[in-house]
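The values are calculated or read from the model by the stated rules, or taken from the named source; none is laboratory data. Quick caveat, the model's predicted, so the values are computed rather than measured. Using ideal geometry, Cβ is built from the backbone for each residue, glycine included, and neighbour counts are taken over all protein chains shown. Side chains included, ligands, DNA and RNA excluded: accessible areas come from the protein's heavy atoms. Shrake-Rupley method; radii C 1.70, N 1.55, O 1.52, S 1.80 Å.
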Amino acid sequence: MNNNHFLVIANWKMKLSFKETLKLTKFLKQKTKKFKNELIICPSFPFLNEVFKIIKGSKIKLGAQNTFWEMKGSYTGEVSPKVLKEIGCRYVILGHSERRRYFHESDHDINKKVKAALKVGLIPILCVGETEQERRFGQRDFVVRRQLEVTLQGVTNFSSLIIAYEPVWAIGTGKVAHPKDACYAHSFILNFVKKRFGKKAKNVKIIYGGSINEKNIQGFLGHALIQGTLIGGASQKEKSFYNILKVINQEI
Ligand code: PEP
């Protein structure tokens, strides 16, 4: 396949210590010198600055796992998008299902975060996807449409946007979506963004996330509708992540 722009995003969640984060970052920097695609790593907040120093000048780019919607103020414990930009982040994951579930983030909250991120030049990695129950009741399209409508409300001015289709039932469960189902959901999202953004839809990348590993990654390659992947668990260990990157590099 002649497409060198398969996007790989590693979500390290709250899984790695400082030492483990630096070790994995150095390993990836070393191993991806010939990687032909795009690689973004998203470590915990406190490690961002140190990780940035390591990857500076390499092919790896930096992303945060969340941000607040205000730039500055009395918001104890929150992190400003402006600060993320200042310390080297280019991307930020927004609306991850774990944020929605454990921190009760609503689509309206996520919408404010998307706009704040764009305002400072961060590229949002906006996560959408249905739960197991919603899937069982055939509500996938309805749920994804509602999430997109609200989280993208008033969003007009962007040069780049990533939408990650992440079915909640597939995240961290070992139950990966069938690539055909992912393609269906991606085409649904693509139609939405085309209607919503017109020509600007070409600046939107749609990627899949949920239990990707070294065995199943192959099935997600070579589909025009799948432009990349967001990986949690399998991106947190040298061996499994490197094996995934090797498969992608050969295939693309
Ligand atoms: C994620 O956290 O976005 C994710 C896709 O996790 P996992 O790969 O572990 O399912």
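Annotations
- Candidates Lys215, Lys194 - the one that is more than 23 Å from Met14 (Cβ to Cβ), within 15 Å of the ligand (Cβ to nearest atom) and without any contact (Cβ under 8 Å) to a residue 12 or more places away in the chain: Lys215
- Test: residue in segment 41-58 that is touching a residue at least 24 places away in the same chain (Cβ under 8 Å), open to solvent by 30 Å² or more (accessible area, probe 1.4 Å), closer than 21 Å to Leu152 by Cβ and out of contact with any Ser or Thr (no Cβ under 6 Å at 6 or more places or on another chain): no
- Hey, Leu148 open to solvent by less than 10 Å² (accessible area, probe 1.4 Å), in contact with a Pro (Cβ under 8 Å, 6 or more places away or on another chain), away from the ligand (no atom under 16 Å from the Cβ) and in contact (Cβ under 8 Å) with a residue 24 or more places away in the chain or not: no
- Within segment 234-246, being in a helix (DSSP H, G or I), within 15 Å of the ligand (Cβ to nearest atom) and either among the β-branched types (Val, Ile, Thr) or open to solvent by 10 Å² or more (accessible area, probe 1.4 Å) (or both) holds for Ala234, Ser240, Asn243, Ile244.
- Of all the residues in segment 134-144, those that are open to solvent by 10 Å² or more (accessible area, probe 1.4 Å) and either within 23 Å of Ile231 (Cα to Cα) or not in a helix (DSSP H, G or I) (or both) number 7.
- Any chance Ala182 is in a helix (DSSP H, G or I), within 15 Å of the ligand (Cβ to nearest atom) and surrounded by 17 or more Cβ atoms within 10 Å (Cβ to Cβ): yes
- Those residues of segment 218-233 which are open to solvent by 10 Å² or more (accessible area, probe 1.4 Å) and within 14 Å of the ligand (Cβ to nearest atom), in sequence order: Gly232, Gly233
- Residues of segment 23-40 that are away from the ligand (no atom under 13 Å from the Cβ) and either among the β-branched types (Val, Ile, Thr) or open to solvent by 30 Å² or more (accessible area, probe 1.4 Å) (or both): Lys23, Thr25, Lys26, Phe27, Lys29, Gln30, Lys31, Thr32, Lys33, Lys34, Lys36, Glu38.
- Residues in segment 71-95 that are on the phi < 0 side of the Ramachandran plot and either within 16 Å of the ligand (Cβ to nearest atom) or exposed (fewer than 15 other Cβ atoms within 10 Å of the Cβ) (or both): Met71, Lys72, Ser74, Tyr75, Thr76, Glu78, Glu86, Tyr91, Val92, Ile93, Leu94.
- Cβ-Cβ under 8 Å pairs, at least 6 apart or on other chains, segment 118-129 side touching a residue at least 24 places away in the same chain (Cβ under 8 Å) and open to solvent by 10 Å² or more (accessible area, probe 1.4 Å), far side within 16 Å of the ligand (Cβ to nearest atom) and not polar (S, T, N, Q): Leu118/Pro124; Ile123/Tyr91; Ile123/Val92; Ile123/Ile162
- Tallying residues that are assigned to a helix (DSSP H, G or I), open to solvent by 10 Å² or more (accessible area, probe 1.4 Å) and either within 15 Å of the ligand (Cβ to nearest atom) or closer than 20 Å to Ser44 by Cα (or both) within segment 96-112 yields 6.
- Given (1) in a helix (DSSP H, G or I); (2) open to solvent by 60 Å² or more (accessible area, probe 1.4 Å); (3) closer than 30 Å to Lys26 by Cβ, number of the condition Asn191 does not satisfy: (3)
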